[in-house]
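Participant: For reference, the structure I am asking about is given below.
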Amino acid sequence: MPINSNGSILRSGRTKALVLPVKSLARPFKSLVLPLLTTGSLLLQALPAQAQLAALSQISPKPGSEPLQVFACEPEWKALAQDLGGEQVKVFTATNAFQDPHFIEARPSLIVKMRRADLVACTGADLEIGWLPLLLMRSTNAQVQTGKPGHFMAADFVPKLEIPHQHDRSMGDIHADGNPHIHLDPRRLMMIAEQLSQRLVQLDPDNAAYYQHQHQVFFKQWRQQLSQWKQQTRALKGQAYFVQHRNWSYLFDWLKLEEVADLEPKPGIPPSSSHLASLLDKVEGSQAQGIMIANYQNPQGARWLSRQSESRKSESSDHHDHDKALPVIELPFTVGGSDQATSLISLYQDIIDRLLAVRL
Ligand SMILES: [Zn+2]
């Protein structure tokens with residue numbers, strides 16, 4: 001499929017702008033995204049629109065075939081597996097949206113679930129290092145061990161941010177394979193979806209046509225969504241926020257947001273009073289829009305900084321506009337993290353809506 005100089009794909013002689021902002025992607029990202037867009041996902045492109053719809057609507061799983069048992073580590077992978085596997089997957093999730101995925105107990109009930117799984121779908125990049133290896137070992141399920149088709153680590157399929165040049169314990173609980181919180185960039189999510197769909201096909205080839213159909217529907221919907229979000233988030237570009245843990249780096253990469261500072265003195269270490277106090281100067285010196293926290297995090301440190309910011313701002317400014325406290329912006333971190341975030345799409349939408357609502 002030809003790609004023009006703007007990164008747009010030329011289809012059937014007409015120039016149709018590609019929704020994915022390929023041009024703005026970093027170089028390693030580009031090399032991964034472009035082949036993806038030009039291969040499997042657009043197989044039906046050659047058919048006229050009517051024929052495409054007819055072809056898509058006729059596909060369903062083979063009668064009598066057993067659904068794949070999927071063990072998802074986090075709710076975002078449960079949602080993605082369900083979107084792509086439809087009625088041909090049965091998905092269990094090890095964690096809910098109100099748990100910190102870094103710290104999960106390898107409970108016997110999880111081992112039982114993993115023992116029965118055809119596919120384990122997790123984040124990887126060491127996010128689950130404290131509990132997943134133990135579950136894998138205790139499950140004694142050969143199908144889902146590292147290197148097997150039943151072992152899917154989403155972070156293996158996207159370019160990662162913040163890969164440390166050196167790593168020692170004094171730096172805190174740093175993620176040695178780069179930042180694993182990859183799911184809040186929908187462009188990366190589309191790359192992962194392509195791979196996960198192929199994995200479903202590999203594990204259950206009898207239903208290949210069904211999984212490909214599911215992926216087509218997904219891909220089409222997400223391209224439209226990306227275009228809408230691009231319009232909606234124009235006003236957010238360049239806005240700066242405090243964070244509590246680098247949970248949001250991929251969201252920032254997508255929306256071109258800036259990080260003022262991290263409330264954690266070191267990655268994985270909760271905010272301390274001395275570190276929080278040291279951040280007060282940054283409140284005055286920056287144009288920060290707020291303090292982002294995930295719905296599962298303790299909001300105390302963020303609230304303290306917010307209260308202090310009010311008095312600091314009053315002292316340093318004659319303008320009443322600037323007397324407002326820096327808002328604490330609680331965001332759903334994954335599907336189920338707020339009443340609105342009931343699917344992957346509504347998760348992104350809710351995050352965007354909440355960020356737009358607090359613009360100063
Ligand atoms: Zn982390």
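Participant: What FRET efficiency comes out for the pair residue 129/residue 339, r = Cβ-Cβ distance, R0 = 30 Å, nearest 0.05?
Facilitator: Once rounded, the FRET efficiency stands at 0.40.
Participant: Which FRET efficiency value, to the nearest 0.05, do you get for residue 142 and residue 99 by plugging their Cβ-Cβ distance into 1/(1 + (r/R0)^6) with R0 = 25 Å?
Facilitator: Plugging the Cβ-Cβ distance into 1/(1 + (r/R0)^6) gives 0.35.
Participant: For residue 272 and residue 107 in one chain, what is 0.36 nm times their gap in residues minus the Cα-Cα distance, to one decimal in nm?
Facilitator: Net length gain for the segment: 56.3 nm.
Participant: If I take R0 = 51 Å and measure r between the Cβ atoms of residue 231 and residue 60 in this structure, what FRET efficiency does the formula 1/(1 + (r/R0)^6) give, to the nearest 0.05?
Facilitator: It comes out at approximately 0.90.
Participant: Per-residue counts of other Cβ atoms within 10 Å, averaged by peptide: what ranking do you get for 346-355, 60-69, 241-250, highest first?
Facilitator: Order by mean packing, descending: 241-250, 346-355, 60-69.
Participant: Pairs 78/237; 230/256; 230/324: which are spaced more than 19 Å apart, C-alpha to C-alpha?
Facilitator: 78/237; 230/324
Participant: In 5 Å bins starting at 0, how do the alpha-carbon pair distances of the stretch 234-357 split up by percent?
Facilitator: Cα pair-distance distribution for the stretch 234-357, in percent: 2, 11, 21, 23, 20, 14, 7, 2, 0.
Participant: Indicate the gyration tensor shape class of the stretch 64-231 (rounded, prolate or oblate), computed on the Cα atoms with a ≥ b ≥ c the square roots of the eigenvalues: a/c under 1.5 is rounded; otherwise a/b larger than b/c is prolate and the rest oblate.
Facilitator: oblate
Participant: Work out the P(r) tail for the stretch 179-266: percent of alpha carbon pairs separated by more than 18 Å, whole number.
Facilitator: Tail of the P(r) past 18 Å holds 56 percent of the pairs.
Participant: About the Cα centre of the stretch 64-231, what is the dipole size in debye to 20, counting +1 per Lys and Arg Cβ and -1 per Asp and Glu Cβ, all else neutral?
Facilitator: It works out to roughly 240 debye.
Participant: I've got another one for you. Using a 7 Å offset from the Cα along the Cα-to-Cβ direction at both residue 220 and residue 208, what is the distance between the two label points in nm, to one decimal?
Facilitator: Taking the two extended label points, one gets 2.2 nm.
Participant: What is the stretch 64-231's relative contact order, in percent, from Cα pairs under 8 angstrom and six or more apart in sequence?
Facilitator: Reported as a whole number, the value is 21 percent.
No lab work stands behind these numbers, since they all come straight from the coordinates. What you see is a predicted model, and the numbers here were worked out from it, not measured in a lab. Note: ideal-geometry Cβ built from the backbone for every residue, glycine included; neighbour counts use all protein chains shown.
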